[in-house]
Structure formats: structure tokens, C-alpha cells
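Data first, discussion second: the structure below is written as C-alpha cells.
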Amino acid sequence: MLEYEKIISQMTLNEKASLLSGEDFWHTRAIDRLKIPAMALSDGPHGLRKQASEGDHLGLVKGVPATCFPTAATMANSWDLALCEVVGQTLGKEAVYNNVNIILGPALNIKRSPLCGRNFEYYSEDPYLSGKLAAAYVKGIQKEGVGACLKHFAGNSQEYLRMTTDSVIDDRTLHEIYLTGFEIAVKEGKPKAVMSSYNKLNGIYTHENQFLLSDILVDKWGFDGIVVSDWGGSNDAVNAVKAGANLEMPSTGNDSILQLMDAVTDGHLDEKILDKRVDEFLRILYDTEIKSNLEVDLQEHHRLAQHAAEQAMVLLKNENILPISTSSKVAIIGDFAKIPRYQGAGSSLVNPYKLDGFMEVAGQTELNIIGYADGFNRIDGDDISDIDEAVELAKKADIVLVFMGLNEVCEMEGHDRSHLKISNNQIQLIQAVSQVAKKTVAIISAGAVIEMKWEENCDAIVHSYLSGQAGAKALLNVLTGKVNPSGKLSESYPYYYEDCPNVRYYPGKEKTCEYREGIFVGYRYFDKVEKEVRYPFGYGLSYTTFEYSNLVVEDHGIQCRVTNTGEVAGSEIIQMYINKNQTEVHRPVKELKGFTKAYIEPGETVDIVIPFDAYTFRYYDINSNEYVIEKGSYQILVGSSSRDIRLSGMIDMNGVQVNSDDSINLKQYYEGEVTDISSETFSKLYGKPLPKSLWDRSQPLEMNDSMSQMVYAKSLLARLAIKMLIRMRTRSVKKGKPDLNLFFLSNMSFRAIAKMSDGAFSMEMVEKMLIIINGRFFRGLGGLIKAFFKYKKRGKVNA
């Protein structure tokens with residue numbers, strides 16, 4: 001029984017199909033005859049990006065002024081679910097104010113590799129933490145009556161070739177690492193929408209993957225919202241509707257509408273399935289309809305953004321330097337202090353209605369600032385011309401604050417990093433300054449992991465991540481002690497990139513991206529093989545100290561006591577991990593399964609309770625295709641980070657008697673030594689032969705190939721066009737102003753020409769273009785002209 005059967009029964013086939021395709025870049029189609037309004041969607045993982053004029057996907061056209069909150073990577077360091085819910089609710093208010101029905105966020109893909117260019121938009125390397133944080137955001141956003149849209153579902157861990165690559169992931173790893181966060185967010189947050197990812201997952205594009213969209217999302221998790229394609233991410237409109245997808249964005253003109261109508265007419269698509277997708281869409285459309293006006297206090301939102309940044313700042317090192325005394329002579333070096341790095345680049349780019357700079361806010365306090373020097377050129381990483389000036393200033397100061405990190409080119413949608421280093425001139429600066437300065441404090445601005453060999457040159461380090469429009473005041477309050485830092489890392493910091501488990505497998509270079517490291521991502525790998533890291537998962541210092549005691553493990557959870565043994569009030573993030581030493585299946589030595597954040601006054605002791613839940617003891621059994629609990633004893637570990645365990649206890653769990661998942665053939669996985677997994681071994685874990693990983697350069701280019709593959713196209717013009725595009729892209733990076741459209745174009749598939757052109761091209765037209773690209777110019781040109789007129793004629797008839 002359809003909820004909106006009365007409305008649907010009055011709709012023509014054309015009208016039904018049209019509701020499942022965008023009208024323009026940010027709106028669905030309205031049907032005035034039936035008084036069905038359009039739905040407005042907007043980017044917004046950490047702030048609303050509603051574009052007032054011509055729309056684009058990559059933040060090139062400025063959005064309306066809005067509050068830019070700390071990015072997801074930053075907020076994850078707060079480990080504060082209540083705060084995330086409040087921030088989410090504020091995003092929801094700004095959405096209502098701007099007549100936006102669906103906010104495209106939060107994003108919670110796993111940080112499989114620290115190189116991913118979009119890690120600043122994601123929460124963590126851990127699925128449990130990611131899921132809980134995302135659920136809090138969703139709850140907050142939807143309190144205001146608008147919808148949240150979880151993204152990108154699923155297995156999306158690289159930007160390079162993101163529209164064409166096939167994520168090859170074994171079933172257990174897929175469920176435990178890459179789906180668990182979404183599962184938690186769906187079940188606890190109940191989002192109105194989920195956005196499918198660009199990539200294929202085990203051979204099938206996610207937007208038409210019935211296993212993902214129907215079997216998992218709906219049947220197992222109880223999702224009752226709509227599935228939206230990423231912009232240009234739909235492959236086959238008919239297969240998408242069959243699989244459970246509801247909305248293809250942005251507008252494809254009439255192309256997808258005609259495909260759906262033809263499929264129903266030809267009997268390839270049951271109209272009842274189309275009706276079901278329309279019914280699901282209408283339910284969310286009316287659930288998120290803006291029913292009243294709402295005024296927002298942007299100044300109050302700015303104060304909330306500052307508070308959020310304060311709670312997320314991570315103190316990495318402090319040799320009794322911080323907080324800064326107002327009597328100390330302070331030198332400020334680094335242009336991040338003047339021109340802040342506060343967000344990443346791409347579709348999440350927010351136009352902040354107000355932006356604080358550190359020099360501005362520090363100048364309004366009693367802080368004794370004796371001078372400022374640029375110190376380095378943030379665009380040209382080899383330029384060391386500013387170092388001498390910085391050194392002379394540092395000689396005069398008691399404390400030198402060096403503002404450093406990743407520039408705008410390093411962190412952006414559509415492009416992955418090639419290494420974890422900061423620029424050479426920054427490293428030389430910190431080394432030179434530390435030789436003459438009495439005390440050196442590094443302030444890091446970056447949304448992702450960096451190598452920090454220069455740590456030894458610093459007396460203190462504060463990591464602000466990308467802290468949003470009010471981050472400067474938040475940082476000042478942390479440095480001066482008005483705020484006691486309480487953030488803890490939501491990702492591991494290795495000494496060197498080469499220490500990571502998937503260096504040999506990331507990124508996927510051509511057809512596939514193989515997740516050969518399996519479940520051993522982040523701390524799950526580092527702790528398993530006991531590899532030293534610079535800063536472990538969950539790590540962060542405070543201006544006070546905490547003592548843990550009195551662990552009690554009960555059937556429903558754990559209790560313990562935490563005492564503030566220092567002289568200032570502060571918050572501690574208590575983390576609960578589980579471990580099963582004697583196991584028949586390969587496992588990490590510890591997995592995060594609970595956490596809480598407690599504010600504690602000096603000398604105060606608080607009782608901490610962390611309950612067990614449905615995720616605490618389970619693992620995914622590939623034989624039964626279900627989560628099960630392995631029978632036996634489990635160690636409960638409670639601590640301040642994954643490497644700082646303060647208390648431990650045991651609990652016996654009833655469950656299934658598990659048979660080995662092949663300790664001989666999968667020996668490397670049992671030992672966690674996953675850095676050099678052979679194709680043969682990974683195939684055994686995967687459970688079937690591996691798909692071909694390389695492009696076949698002898699074959700013609702096809703619709704789902706990448707435009708970057710034109711480097712070996714038979715058409716000389718095509719080869720010249722892609723070389724010119726790559727040259728222009730490289731030139732924009734060198735200028736420090738990367739052209740995101742060029743990155744998008746070089747990574748996108750040929751079919752996306754039709755999907756992203758607002759109806760200017762049909763899929764048939766793109767097929768004819770490919771004939772030209774594959775070296776048959778006149779045949780392709782003739783076909784293209786015929787396809788053009790055919791499409792235009794049909795579009796007018798069915799409009």
C-alpha cells in the first residue's frame with residue numbers, strides 16, 4: 001500500500017519519472033498541476049553552502065553567507081555527541097532560514113589512508129566513533145524539520161578516479177569497517193536521505209547496487225528515507241530505480257526521464273517499482289517541507305562555532321610552556337595567523353558571514369605581542385626568503401608561536417595527496433627559529449595527518465585542525481588558558497607514511513582499488529603489530545591530569561571512577577576498547593566500543609558509566625552472512641587513548657562456537673602483517689577471483705572509462721585535449737589556486753558528460769562522441785548529429 005497512492009494515481013508516466021531526476025543543480029522538479037513542490041538540496045557537512053546564483057558542485061560559485069563550523073575531522077576530536085547534536089541543530093536552523101529541505105551531510109567515509117584529499121570532511125579511521133558522531137549530527141539537523149543526507153555510501157576512500165574505480169573489499173571488512181558507521185548513523189539518527197558514492201563496490205556502481213540499497217540499507221537497517229546520487233554519480237537510471245535509488249542529481253534534462261518511460265513501456269521496469277520510488281520520494285518531500293519562517297542569530301551561531309572549536313583543539317605536546325602568561329613577550333610567525341586555514345576546498349566550501357584571524361583577535365587582548373613575520377611562503381614550499389626576518393624576531397621573544405600546516409592546495413575534493421609532509425620551507429623555518437628562540441610553540445592548521453619529524457624542535461604543539469570561522473578566538477583561549485584543551489585525536493599519526501598498512505595498495509591506480517589490508521585500518525593495524533606511532537588514536541593532553549580507578553565490569557556495561565588530580569578544571573574523554581585474545585578468527589587486539597566525555601573540577605571524582613550495545617562484541621561471520629558473538633572471554637580496556645590503557649577487566653560472553661576462518665592460508669591477517677599481501681592471499685580473503693585491475697589499452701574507451709584515459713585514445717585531438725587539461729590543472733596548483741573543475745573533469749567518467757550537462761547531452765550522444773575519441777571521426781560525428789536531433793525532438797514531445 002502506497003502512502004501517496006491517491007496522488008500517484010493521478011500522475012502521468014512522464015510526471016512519475018520526472019520526480020526522480022533533478023530540475024537544476026540544486027532542486028528537484030515541481031508538478032504544478034498536482035501542487036507538488038520542488039525540493040531544495042544544499043551542501044553542508046560543516047556549514048550551509050546554498051548558492052544564490054548559478055550552481056556548481058565544487059564551491060567555485062560562492063554560497064550565501066552562513067556559519068562555517070569546524071570541519072568533521074575537527075569536530076571528531078571533540079568526541080562530544082551532545083555538542084555535535086547542537087551544531088547539527090544549528091545547521092538545520094540555517095537550512096530552514098534559507099528554504100533548504102535536505103542538507104547533504106554529514107560525510108562519514110572511513111579514513112582508510114591519510115592521503116585521501118577529502119579526509120577533512122570525514123570523522124575518523126574508526127567506524128564506531130564515526131557512526132556515533134554522524135548520528136548526533138543527523139539528530140540535530142532533523143530537529144528543525146529538514147533532512148540530513150549521509151554520504152558517501154559506500155567504500156569511497158580515494159578521490160583519484162573516484163567516478164570509475166571499483167572498490168574491491170572482502171565481505172567481513174566491508175561490514176565491520178566500511179558499513180558499520182553508516183549502520184549506526186542510520187539506526188540511531190534515522191536520516192531522511194543517504195547519498196550513494198561515485199565508485200563501484202565489488203563490480204557494481206553503488207547507485208544501482210541492490211545489495212547496498214535494498215538488502216542492507218532497507219531490509220537490514222530499516223532505512224525509510226530516499227537514496228540520492230552523488231552529483232553526476234548515476235550510471236543507469238533504470239537499474240538505479242530497480243535497486244532502490246530515488247533521486248538522480250543534478251538535472252539530466254529529459255534523458256533519464258525518457259529512459260525510465262521507455263523501460264516501463266518496454267516491460268523492463270515494472271511500473272509498480274517506479275510508483276514505490278515515487279511514493280518514497282513524496283514522503284520525504286512532504287516531511288521536509290518548510291512550513292514556517294525562521295529568523296537566525298548568526299552572531300550566536302558564531303559563538304557556538306567558537307565553542308565547538310575550543311572543545312576540539314588537541315594539545316599534542318607541552319613541556320610546561322602553555323598556557324601563555326600575559327607577561328611573556330610573544331612573537332607570531334607564519335601567515336596562517338593572518339590568513340587562516342579554516343576549511344577545505346570543494347563542495348563543502350562555506351562562505352562564512354564572519355571570519356576571525358588570529359592577529360586580529362590576539363591584538364584585542366592583553367597578550368604582549370612584540371611582532372609578526374610571515375616566515376614562509378605558503379604557496380611556494382621551496383621559498384626560504386622569509387626565514388631570516390622570522391629568526392631575528394624570534395631572538396627578541398620569550399615565546400614564539402609558529403603557525404604552520406597544509407595549504408589550500410593540499411586538501412581538496414577531487415585530488416589526493418602524494419605524501420604526508422608539510423612544505424620544506426616550513427620545516428626549515430621551525431628548525432631555524434627553535435635554535436634561537438627561548439620557547440617555540442607550533443600551531444598546526446590541517447584537516448588530515450601530517451608527518452612531524454620536526455616535533456623535536458617544538459616545546460609545545462597545538463593542533464587546531466580546520467577550526468571554522470571562529471577558530472582563531474578558540475585557539476587564543478586555549479593558548480592563554482581560558483579554555484583547557486580536551487580534544488583527542490580521532491586518527492593515528494604514524495611517524496612516516498611508509499608505516500601505514502596500505503601503502504602498496506593506495507590509491508587504486510586504474511580499474512580497481514583493492515582493500516588488501518582488510519580490517520587492519522589505522523590503530524587496528526598499528527596496535528596489532530605493535531608499531532610505534534608518533535601520536536596514537538585517542539591521544540590528547542590537558543592542562544590538568546586524571547586518575548582512573550575502580551573498574552567494575554557488569555553484564556550491561558562498565559563503571560569506573562575518574563579523578564581530576566590537577567589544579568584546573570578540565571574534560572577527559574574516557575575510551576572503552578574490547579579485546580579477545582583467544583579467538584578462532586583474525587581480529588585486532590583492541591577495538592573502540594564506547595566512550596564518554598566528562599567535565600571534572602580540580603580534586604573532584606566522577607562516576608563514569610559506559611554501556612555495552614549491539615556493536616560491542618560482535619564480528620561479521622562470512623559463513624552465515626550475519627553478525628555473531630564468538631563465545632569466550634573478552635578483555636575490557638579503559639583508557640585515555642588506544643595506547644594509554646588505565647584499567648582492564650574481563651567478561652565471559654555466551655555466543656557461537658566459531659570455526660577457524662583459515663589460520664593457515666590467512667596467516668598474515670591473523671598476525672596483522674598486512675603490508676605485503678599477495679594477490680593469491682587477498683583472493684582467498686575476498687572469496688573469489690580478483691577482477692582485472694589494469695586498463696586494457698588495446699580496447700576502445702567506453703562510457704564508464706575515465707576521461708584521463710584519453711592519454712591513450714586513438715584520436716589525436718582527444719590525446720591533445722587531455723594533455724592540455726592536465727597541464728592547466730598543474731599550472732593552477734602551482735599558482736596556489738587549484739581549479740577544481742579541471743580535477744573533476746580529468747577524474748570523471750564519459751557518462752558523466754550526460755549526467756552533469758543539465759540535459760545538453762544525452763547518453764546516446766556521449767556514445768557517439770566516444771566513437772570520435774576512439775578514432776572514427778566522421779562516423780562518430782554523423783552519429784552525434786543524428787543523436788542530437790533525435791534527443792531534442794523527443795525531449796520536446798515529452799516535456
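Side notes on the structure shown:
- For the range 747-791, accessible area per residue (1.4 Å probe, heavy atoms of protein chains only), Å²: 46
- Cα-centred dipole magnitude for the chain, charges only on beta-carbon of K, R (+1) and D, E (-1), debye, nearest 20: 2340
- Of the peptides 11-19, 141-149, the ranking by mean beta-carbon count within 10 Å, highest at the top, reads 141-149, 11-19.
- Cα shape, the range 334-452, gyration tensor, a/c 1.5 rule: oblate
- Lysines with Cα under 17 Å of LYS768, excluding same-chain neighbours fewer than 8 positions away: LYS714, LYS755, LYS786, LYS790, LYS792
- Extending 7 Å from Cα along the Cβ direction at ASP287 and again at PHE788 yields two label points whose distance is 4.4 nm.
- Note on the chain: dipole from Cβ charges, positive end direction compared against THR74, VAL552, ILE600; the farthest Cα belongs to THR74.
- Per-atom-type breakdown for the chain gives carbon and sulfur 49% of the accessible area (1.4 Å probe, protein chains only).
- The protection proxy used here, the mean number of other Cβ atoms lying within 10 Å of each residue, ranks peptides 539-548, 249-258 as follows, highest first: 249-258, 539-548.
- Listed residue pairs exceeding 27 Å between alpha carbons, taken from LYS317/LYS509; LYS421/LYS482; LYS187/LYS590; LYS531/LYS593; LYS531/LYS580: LYS317/LYS509; LYS421/LYS482
- Residues with amide H under 5 Å from that of GLU591, placed H, sequence gap 5 or more: ILE578
- Computed with every protein chain present, the accessible area of THR365 is close to 50 Å² [probe 1.4 Å].
The values are calculated or read from the model by the stated rules, or taken from the named source; none is laboratory data. Just so it is clear, the model here is predicted, and its values are computed rather than measured. We place every Cβ from the backbone using ideal geometry, glycine too, and count neighbours over all the protein chains shown. The area values use the complete protein model at the heavy-atom level, side chains included, leaving out ligands, DNA and RNA. Shrake-Rupley method; radii C 1.70, N 1.55, O 1.52, S 1.80 Å.
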